[in-house]
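The values are calculated or read from the model by the stated rules, or taken from the named source; none is laboratory data. Here the structure is a predicted model, which is why all the values come from computation and not from measurement. Virtual Cβ from ideal backbone geometry, glycine too; neighbours counted across all protein chains shown. When the accessible area is computed, the model is the full protein with side chains, heavy atoms only, and any ligands, DNA or RNA have been set aside. Shrake-Rupley method; radii C 1.70, N 1.55, O 1.52, S 1.80 Å.
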Amino acid sequence: MDTEGITEDHGADHRAGVLAQYAAMKLSEIGERSKQLETTFKDPERQRRIILVIVCVALLLDNMLYMVIVPIIPDYLAELQSEADHASFKARVINAGNSSNHTIFKATKGNFELQIGVLFASKAILQLLVNPLTGTFIDRVGYELPLFIGLIIMFFSTCIFAFADNYVALFAARSLQGLGSAFADTSGIAMIADKYTEEAERSRALGIALAFISFGSLVAPPFGGILYEFCGKRMPFIVLACICFTDGMLCLTVLKPFSRGERENMPVGTPIYKLMIDPYIAVVAGALTTCNIPLAFLEPTIANWMEETMHSSQWEIGLAWLPAFFPHVLGVYITVKLAAKYPHLQWFYGALGMVIIGASSCTVPACKTFGQLMGPLCGICFGIALVDTALLPTLAFLVDVRHVSVYGSVYAIADISYCVAYALGPVVAGQIVHDLGFVQLNLGMGLANVLYAPALLLLKNVCQIKPSNSERGMLLEEGPTGLYDTIKTQERERKRKGLSYVVDENGIDTYSEEESSGGELEYA
């Protein structure tokens, strides 16, 4: 018996030793993989790609959440209307013969479309109000922390959408999404502009981001409609919340938003009010607003027009914008390729896009069938792709030329430009159609785009400037304060080596006279 016990003890010790060796080997493998992953994240090129993925997913989520409620809200508000009808019926039974009840019911019915418009516009309105503050905040603390904050807010907004059971909760969720978008969208686009300093790379990266924005906006209605039909109201929002949570965790792991290292190296950005009064930036911002007005104004009005004029079915209305995704991506691709070959013609691509938008908008009322309508809608989205892809990198270029290369505030201005169109659209478009008509609305939008296109000629001289190792002193009314990205990099290298540098009275890093006097502006 003793011999058997000793043998069993020896076997147990051996198994324990084997298990310990196996566990140690697995821990060693995990450690090596963690080191490899950390090395991968530290590689600048791979890190830029990961950052691009994080930002693109955030933009995709924001735009999907913006449009996913389109097939859900009518059914929800119809339920509210049914409850109002029931309440009105009970009131008439209790107060028989009281004529005021019928008036109250009609007022409630008349507010049906207004409720939809206010709900859709609440996101853009809050985003419009908050953007000036978020732009300044991003310039102060960097891009990583605001992006993480935006993803957290969007996650909670999506969860509220999933479990909302009344109009007030939906309104709160929609407004909260606007707050999250003001942080995530602005910081994400600004981060892309900061990481991709070469003009061709920057245009390509921003083009990819725009493609994700377009995909999110156009695929969200059928995505939401299918899940809502077969899985219930909560499922579309739960799926988006899970993706948002994953993207937030990736942001926390890769970007390390609470690290102070990046923030300490950031120069002081130009205040947003100074950027707003810059005539070149103002022209670009106006173009971004004007080119998005047709899309923002048609989205809430085209469904009723299609029902009245074409007797379109619900599936046709739901799929009206989906084919436009392909010309939008094509427009992004063409503009990126042309910008890489002829970067000095960015202003022309934007102007051409506005003319295409104007012509397409004017032809929408002439369409008599669903197939005919696809042409103008695709033309509008193709033109918007040209304008956005050409002018968003131009904003970063203008900041490099005329100000300090910190991009939070300038892309907050771009976001404000979009929000102006999408805040007015759901509220104003319906009233214009009611007072003037659908034809007049489209003609007005088309004419506005065609007339605004020549204003982009103002950017012609700016777009011809090439990077040079000097301060960009031309086209400045208040004296040279902007630095090239290349010089900014050189300055950071000097700071790391402990060499002195000059700080002017505004707190902006500049070069000494000996270093900055040698370069000249070069023209194409």
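A few notes on this one:
- Taking the criterion of being farther than 13 Å from A287 by Cα, hydrophobic (A, V, I, L, M, F, W, C) and assigned to a helix (DSSP H, G or I), the residues of region 448-465 that qualify are V462, C463.
- Cβ-Cβ contacts under 8 Å between residues 6 or more apart (or on different chains), taken from a first residue in region 116-145 that is at positive phi to a second residue that is modelled with pLDDT under 90, are listed as G142/E262; G142/R263; G142/M266.
- Selected residue (criterion: nearest to the chain's Cα centre (by Cα)) from residues of region 352-410 that are of a type in the set (F, W, Y) and more than 30 Å from E144 (Cα to Cα): F382
- The single residue among M374, M354 that is more than 24 Å from I277 (Cα to Cα) and not aromatic (F, W, Y) turns out to be M374.
- Residue under evaluation G269, criteria (1) open to solvent by less than 60 Å² (accessible area, probe 1.4 Å); (2) part of a helix (DSSP H, G or I); (3) closer than 23 Å to E198 by Cβ, criterion not met: (2)
- Residue satisfying all of: in region 386-429; in contact with a helix residue (DSSP H, G or I) (Cβ under 6 Å, 6 or more places away or on another chain) and within 11 Å of F297 (Cβ to Cβ); most open to solvent (accessible area, probe 1.4 Å) among these: V427
- Condition check for D400: in contact (Cβ under 8 Å) with a residue 12 or more places away in the chain, touching a Lys or Arg at 6+ places or on another chain (Cβ under 9 Å) and among the charged types (D, E, K, R): yes
- From V254, V239, residue being hydrophobic (A, V, I, L, M, F, W, C), more than 20 Å from the chain's Cα centre (by Cα) and modelled with pLDDT of 85 or more: V254
- Scoring Y349 on the criteria (1) modelled with pLDDT of 90 or more; (2) in contact with a strand residue (DSSP E or B) (Cβ under 8 Å, 6 or more places away or on another chain) leaves a single failure, condition (2).
- Among (1) of a type in the set (S, T, N, Q); (2) within 21 Å of V433 (Cβ to Cβ); (3) surrounded by 22 or more Cβ atoms within 10 Å (Cβ to Cβ), the one test that T335 misses: (2)
- When region 199-228 is limited to residues that are over 13 Å from M64 (Cα atoms) and of a type in the set (S, T, Y), the one that is modelled with the highest pLDDT turns out to be S203.
- Some residue of region 462-475 being over 24 Å from Y196 (Cβ atoms), modelled with pLDDT under 80 and out of contact with any Ser or Thr (no Cβ under 8 Å at 6 or more places or on another chain): yes
- Exclusive hit being within 30 Å of I116 (Cα to Cα) and without any contact (Cβ under 8 Å) to a residue 12 or more places away in the chain, set A366, A303, A320: A366
- Among the residues listed as L275, L295, L373, the single one being farther than 21 Å from I213 by Cα, in contact with a Gly (Cβ under 9 Å, 6 or more places away or on another chain) and assigned to a helix (DSSP H, G or I): L275
- Selection within region 212-242 - open to solvent by 70 Å² or more (accessible area, probe 1.4 Å) and more than 14 Å from A162 (Cα to Cα): F212, F215, I226, E229, F230
- Some residue of region 59-73 being part of a helix (DSSP H, G or I) and modelled with pLDDT under 75: yes
- Only residues that are over 18 Å from G444 (Cα atoms) and open to solvent by 50 Å² or more (accessible area, probe 1.4 Å) were counted in region 353-375, giving 4.
- Hey, R140 open to solvent by less than 20 Å² (accessible area, probe 1.4 Å) and among the basic types (K, R) or not: no
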